[in-house]
1. Could you tell me which Cys residues in the chain have no other cysteine's Cβ under 4.7 Å from their own Cβ, answering none if every one has a partner?
2. Determine the dipole magnitude for the chain: charges of +1 sit on the beta-carbon of Lys and Arg, -1 on that of Asp and Glu, nothing else is charged, the reference point is the Cα centre, and the result goes in debye to the nearest 20.
3. Can you show me the helix-derived [θ] at 222 nm for the chain, built from DSSP H runs with n ≥ 4 at -39,500 (n - 2.57) apiece and divided by the number of residues, rounded to the nearest 500.
4. Please state the charge dipole magnitude for the range 197-279, taken about the Cα centre, from unit charges on C-beta atoms (+1 on K and R, -1 on D and E), reported in debye and rounded to the nearest 20.
5. Using a 1.4 Å probe and ignoring any ligands, DNA or RNA, find the accessible area of H103 and quote it in Å² to the nearest 10.
6. When you count, for each residue, the other Cβ atoms within 10 Å and take the mean per peptide, how do 153-161, 77-85 rank with the highest first?
7. Ordering T342, T169, T247 by accessible area with a probe of 1.4 Å, largest first, what comes out?
8. If ligands, DNA and RNA are left out, what is the accessible area of V102 with a 1.4 Å probe, given in Å² to the nearest 10?
Amino acid sequence: MTPRHPLPEKHPEATPRIGVIGGGQLGMFLVREASRKGWHSVVFAQSPGEPAVQRVSREAAKPEGVLPPVLASFDDEIAQDRFLDQVSAVAIEFENIPLSFVHKAEERGIPVSANSDILATAQSRLHEKAAASLLGIATPTIRPLRNHHDLLRIETEAPAELFPAILKTNSGGYDGKGQCRVTSIDELQGCWDLLERRPALLEQEIPFKRELSILVARNRDGSVVTFPVSENRHEQGILRDSICLSTPTVQSRIDAYAKSWAGHFELTGIVCLEFFETIDGELLLNESAPRPHNSYHWTLDSKGSNQFATLLDALVGLPLSEPRSDFLPVRMTNIIGEDPQTVFERIQGSQQARGGHILYDYMKKECRTGRKMGHINSIL
Ligand code: ATP
Ligand code: MG
């Protein structure tokens with residue numbers, strides 16, 4: 001089969017120049033990791049206060065490494081060209097960027113960590129569900145709600161078992177935004193109005209036993225590694241904490257799904273899949289994220305290659321390190337809408353951790369309700 005995303009036949013460059021699209025904390029960690037490897041990086045961000053841009057100004061004090069950021073709107077074509085002129089590979093840290101930006105990189109033969117197929121799928125919940133069904137991965141039952149016709153159809157045909165359900169916008173959601181819980185069919189229209197009648201899908205609410213995610217990395221030569229499964233706890237739709245699990249049976253089932261997703265999309269980079277595990281052990285795909293994922297921040301302290309380093313290796317065609325068998329069990333706790341230092345002191349005082357607690361402050365200027373301000377890794 002001819003690959004849809006052919007990559008240039010070349011050996012990894014001695015000093016790759018990594019373009020990072022997105023200025024958030026995931027970008028910040030990518031810049032840090034590229035610097036540690038002695039590689040160059042350039043951030044494309046929309047505003048100067050973002051964590052990755054802040055990181056750039058700190059790294060810039062070093063002789064080699066970080067080039068000045070490109071600060072512009074993601075759809076600014078002149079800025080896109082200026083950015084792509086400087087880089088040999090592109091890592092994406094944020095899904096909601098114009099696909100045309102990625103197409104432009106691909107047309108120039110620049111490897112992108114989320115190619116346009118896997119990214120287009122991640123940008124649409126309906127496409128994600130379709131891909132899951134193609135790959136034999138179960139999902140919660142859904143009904144598309146794209147227009148008035150769909151609304152009438154759901155109102156006349158939807159089975160009562162679909163409720164309670166969650167109405168989710170098809171694209172653009174994060175941290176539980178763009179969602180509305182629908183307890184019965186009578187509430188559907190009102191909820192859709194709240195979501196400004198944007199294309200959406202109505203998804204059965206799953207009384208899950210636990211939420212799990214899996215991170216897989218795939219290299220341009222098709223070699224694949226998966227990380228240990230992560231168990232995740234959300235509060236009000238926002239990830240609160242994640243812990244790495246040692247659960248061989250679930251791991252092998254979830255690994256197979258992750259590998260088929262990465263292979264199907266000819267990924268060079270990493271992708272994280274989020275699942276609901278039901279009471280009777282079924283795994284239902286919730287969503288995909290072809291980028292570093294909050295639920296794998298514990299890899300920063302678990303020994304071995306962390307998710308950011310692995311992404312960079314996969315992207316430039318370096319061999320992927322197998323996750324170590326002696327990795328340290330770590331719990332990651334997000335700091336949401338609070339001052340990182342204050343939370344760190346509180347956790348240190350209240351929770352024992354064998355290897356202590358490590359604070360990651362995203363250096364965000366403004367602390368807002370529901371905003372991820374940092375995280376703490378506790379070595380268990
Ligand atoms: P993320 O921050 O992961 O990108 P998101 O805004 O894309 O989040 P989801 O992952 O769809 O949204 O939902 C956020 C959380 O809300 C889930 O992790 C889960 O806790 C809860 N949730 C979402 N859909 C369902 C469902 N169908 N059944 C039960 N809980 C759900
Ligand atoms: Mg999610």
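1. If one checks each Cβ against the other cysteines of the chain, C244, C272, C367 turn up with nothing under 4.7 Å.
2. Here the chain has a charge dipole of around 760 debye.
3. Computed mean residue ellipticity for the chain: -8500 deg cm²/dmol.
4. My answer is approximately 140 debye.
5. Near enough 80 Å² of accessible area.
6. Taking the mean over residues of other Cβ atoms within 10 Å, the ranking is 77-85, 153-161.
7. Accessible-area ranking of T342, T169, T247, largest first: T342, T247, T169.
8. So the heavy atoms of V102 present about 0 Å² to solvent.
The values are calculated or read from the model by the stated rules, or taken from the named source; none is laboratory data. Just so you know, these numbers come straight off a predicted model, no measurement behind them. All Cβ positions, even for glycine, are placed from backbone atoms using ideal geometry, and neighbour counts span all protein chains on display. Accessible surface areas use protein heavy atoms only, side chains included; no ligands, DNA or RNA. Shrake-Rupley method; radii C 1.70, N 1.55, O 1.52, S 1.80 Å.
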